Amino acid sequence: MLNILITFLTFLLIIVSLFMVLVILMQRPNTNAGMGAAFGGGMTESAFGTETSNILTKATRYSAVAFFVLCLSLYLLHISKVSNRGEGEFFLPNITEEAAPTMTAPSAPNETETQPAE
């Protein structure tokens, strides 16, 4: 169930991101006339009327808030998914003692090995 929710919210985040990019590019260009003019920023007045800047500003605000809320919720869902799986913190797998290499001090030689054979 958690995977379905994460997938749906990820899809929604992509849609909100694309909408936010389009709304920002549609805004009226200022004196510099940057990318907004290249992608038809002046055409929005004829389509939406004279209150276009207010509508686009509100749409930008709402989409930015939605973007950050979706990012935060996806982050929290991923953290809860990892903690439920028991993999530890920050997506690092647990290293068990059997899998970890152990450092041992060299042992002292046996007395039988050090005496010469007679």
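Hey, could you check the stretch 15-38 for residues that are at pLDDT below 80 and farther than 17 Å from Ile55 by Cβ and say which is surrounded by the fewest Cβ atoms within 10 Å (Cβ to Cβ)?
Step one: of the stretch 15-38, the residues at pLDDT below 80 are 28-38.
Within this subset, residues satisfying the condition of being farther than 17 Å from Ile55 by Cβ are 30-35, 37-38.
Working: Asn30: 10, Thr31: 5, Asn32: 8, Ala33: 12, Gly34: 12, Met35: 12, Ala37: 13, Ala38: 10.
Going through the qualifying residues, I end up with Thr31.
Specify which of the listed residues (Thr44, Thr52) is touching an Asp or Glu at 6+ places or on another chain (Cβ under 6 Å), modelled with pLDDT under 90 and not aromatic (Phe, Trp, Tyr).
Working: Thr44 fails: touching an Asp or Glu at 6+ places or on another chain (Cβ under 6 Å).
Residue meeting the stated conditions: Thr52.
I'm trying to understand the selection: among the residues of the stretch 59-78, which are within 11 Å of the chain's Cα centre (by Cα) and surrounded by fewer than 13 Cβ atoms within 10 Å (Cβ to Cβ)?
Within the stretch 59-78, Phe68, Leu72, Tyr75, Leu76 qualify.
The values are calculated or read from the model by the stated rules, or taken from the named source; none is laboratory data. Fair warning: this is a prediction, and the values are worked out from it, not measured in the lab. So basically every Cβ, Gly included, is an ideal-geometry build from the backbone, and we count neighbours across all protein chains shown.
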